[in-house]
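In what follows, a single structure is set out as structure tokens and then discussed.
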Amino acid sequence: MAKRPVTYEQIVEKVRKTFENADAREVFEHVAIEVDIVGEGAGAFYFEVAERACVVEPYNYYNHDGRIIATADVILKLAAGKIRMREAWESGLFRYEGNEVKFQLLMDKIKLQ
């Protein structure tokens, strides 16, 4: 049986549900990362840490600190906890462009519940 295609809206909602309760108490500065989904479910959304809370919204964030470029499959695996962000980045599963210091904050300081 063929796998049903995943939609952009489903991807954003899954990521939002994963990160809406994430522990960002150790991030004391504003961080905004645009996530560009390529291929199936293509689109852009942003991940922001502001006032030590995580927000995911289905919009381009033009004043972002960086961009993650990945397929829907990689984004969904990250959101499901099947792969860790650092491992995925270091193994080349997604590309990151931008401020690496702020990106390191996300990888090291955000804790999923």
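The values are calculated or read from the model by the stated rules, or taken from the named source; none is laboratory data. Note that this is a predicted model, so its numbers are computed, not measured. Virtual Cβ from ideal backbone geometry, glycine too; neighbours counted across all protein chains shown.
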In this structure, is ILE37 in contact with a helix residue (DSSP H, G or I) (Cβ under 6 Å, 6 or more places away or on another chain) and either surrounded by 13 or more Cβ atoms within 10 Å (Cβ to Cβ) or under 21 Å from LYS102 (Cα atoms) (or both)? yes
Residues within region 44-65 that are farther than 21 Å from ARG25 by Cα and either of a type in the set (A, V, I, L, M) or in a strand (DSSP E or B) (or both), tallied: 2
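Filter region 81-107 down to the residues that are in a helix (DSSP H, G or I) and in contact with a Lys or Arg (Cβ under 8 Å, 6 or more places away or on another chain), then identify the one that is modelled with the highest pLDDT. Show your work before the answer.
Going through region 81-107, the residues in a helix (DSSP H, G or I) turn out to be 85-90, 100-107.
Those left that are additionally in contact with a Lys or Arg (Cβ under 8 Å, 6 or more places away or on another chain): 88, 107.
On the way: ALA88: 93, MET107: 85.
Ranking the candidates gives ALA88 first.
For region 18-40, name all the residues that are farther than 13 Å from LEU78 by Cβ, of a type outside the set (Gly, Ala, Ser) and free of Cβ contacts under 8 Å to residues at least 60 places away in the same chain. Outline the logic, then answer.
Going residue by residue through region 18-40, those that are farther than 13 Å from LEU78 by Cβ are 20-21, 23-32, 34, 36, 38-40.
Among the residues that remain, those that are also of a type outside the set (Gly, Ala, Ser) are: 20-21, 23, 25-31, 34, 36, 38, 40.
Selection gives GLU20, ARG25, PHE28, HIS30, GLU34, ASP36, VAL38, GLU40.
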So which residues in region 79-93 are without any contact (Cβ under 8 Å) to a residue 60 or more places away in the chain, at negative phi and not charged (D, E, K, R), if there are any at all? ILE83, MET85, ALA88, TRP89, SER91, LEU93
